[in-house]
Every structure is written in structure tokens, then in C-alpha cells.
Amino acid sequence: MSKQIRLAAPLQFDSIVDGPGLRVVLWSQGCPHGCPGCHNPETWDYQAGNRFNVDMLIDKINDNKLQQGLTLSGGEPFEQASALVKLVKGVQKPGFNIWAYSGYTFEQLLADEDKRALLQELDVLVDGRFEQDLFDYKLQFKGSSNQRIIDVKQTLATGTIVLWQDPYAKF
Ligand code: SF4
């Protein structure tokens, strides 16, 4: 069955700031968190943006062979979890990793059946609301220090939060 998803913008290719390597970024439309200092408040409205066909998005991502991963951002991607489960399953291939940003915590996502289904498809989750008081421009791949960059597969396997280790980090 064909699904649609509401996005704030068309897919963005060749990002180098939303996770490691060259990445496709998907800007999900609609967010319930209302974090003060949010950099994308235009993504809060659930009726704004435009609808996109998920099968078409899958084809666009798979047609671009240079990208090393996909990042689900927004907005709050987990508000459209079921459409994104379909999309993520359609783009999985060796060496291609899936990251997502969420204002929900890992524990909140795990407790919700629909959101958990998307969580289980991810490699990395950057979790938690943006906290203006904890903003630090030196942080890599996250906006405020309360947010965690979580290795989802290891965390689900061990039952305890395992943070992602950057393989290219300097020793
Ligand atoms: S979760 Fe992200 S998009 Fe939503 S209000 Fe917070 S910073 Fe903005």
C-alpha cells in the first residue's frame, strides 16, 4: 500500500553536518515539543509543508549512489513513524546507516508501539529536546549537552544505553 509523508522540504542530499559522511536528510513536518530556541520553528505546524509519496522518496534515495547514510530530522520524525518505517526499510543496504533526531527520549520512544517500530530500524538516535541553556556550538551532531547520541543496535541488544562512538574521532 502506498503511503504519504508530510515534509518541510524536499530531500536534501550531500549533507556533512547531520551525521558522519555524505548524507541524505529528510525534514519531517510537525513537532509537538516547542523547545525554546528551536532553529526550525517553521517545522512545528502539522498542516504546513508538503505531502510526498514514500515510494518516490525511496527511489530518489536509492538512485543516488554517493550517499553514505540517511538522517531523519525535522520537526519530529517519530510523529510519522509508520510512514518512516516503510521508507527506512526500502533504503537499507550494506554500509548505509540510518540516523534520527528526536525531541523524545530513547525511553519514551521504546514505550510507544508505533515509535518503537521506527526506533528498531535505526543505527543511531540523537535524543531529547533542545535545551537552550545547554547549547554549545562545539558539540558534534547535537545542539545541547543533554542530548545523547545513542548506538541503537547496541542499546537494544544490551538493555542499557550505549553511546555512539565516532570511528573518526581523534585519540
Ligand atoms: S524537537 Fe527539534 S524541531 Fe521540535 S521544537 Fe525541539 S528543537 Fe525544534
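The values are calculated or read from the model by the stated rules, or taken from the named source; none is laboratory data. The structure presented is a predicted model; accordingly, all values stated were derived computationally and were not measured. All Cβ positions, even for glycine, are placed from backbone atoms using ideal geometry, and neighbour counts span all protein chains on display.
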- Would you be able to say whether some residue in the range 12-34 is over 21 Å from Lys115 (Cβ atoms), charged (D, E, K, R), over 16 Å from the mean Cα position of the chain (by Cα) and loosely packed, with under 14 Cβ neighbours inside 10 Å? no
- Could you list all residues from the range 112-147 that are assigned to a strand (DSSP E or B), surrounded by 18 or more Cβ atoms within 10 Å (Cβ to Cβ) and within 14 Å of the ligand (Cβ to nearest atom)? Leu125, Val126, Asp127
- Residues (over 14 Å from Ser144 (Cβ atoms) and in a loop (DSSP other than H, G, I, E, B)) located in the range 32-51: Pro32, Gly34, Asn40, Trp44, Asp45, Tyr46, Gln47, Ala48, Gly49
- Query: Before we move on, is Pro41 within 16 Å of the ligand (Cβ to nearest atom), without any contact (Cβ under 8 Å) to a residue 12 or more places away in the chain and not polar (S, T, N, Q)?
  - Reply: yes
- Item | Of the criteria (1) buried (at least 20 other Cβ atoms within 10 Å of the Cβ); (2) within 12 Å of the ligand (Cβ to nearest atom); (3) in a helix (DSSP H, G or I), which one Leu57 fails | (2)
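Considering only the range 87-111, state which residues are assigned to a loop (DSSP other than H, G, I, E, B) and within 16 Å of the ligand (Cβ to nearest atom).
Ser102, Gly103, Tyr104, Thr105
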- Starting from residues that are at pLDDT 95 or above and either more than 16 Å from Leu109 (Cα to Cα) or hydrophobic (A, V, I, L, M, F, W, C) (or both), keep the ones in the range 155-171 and report whichever is surrounded by the most Cβ atoms within 10 Å (Cβ to Cβ). Trp164
- Query: Looking at (1) over 24 Å from Cys38 (Cβ atoms); (2) in contact with a Cys (Cβ under 6 Å, 6 or more places away or on another chain), which is the only condition Arg129 fails?
  - Reply: (1)
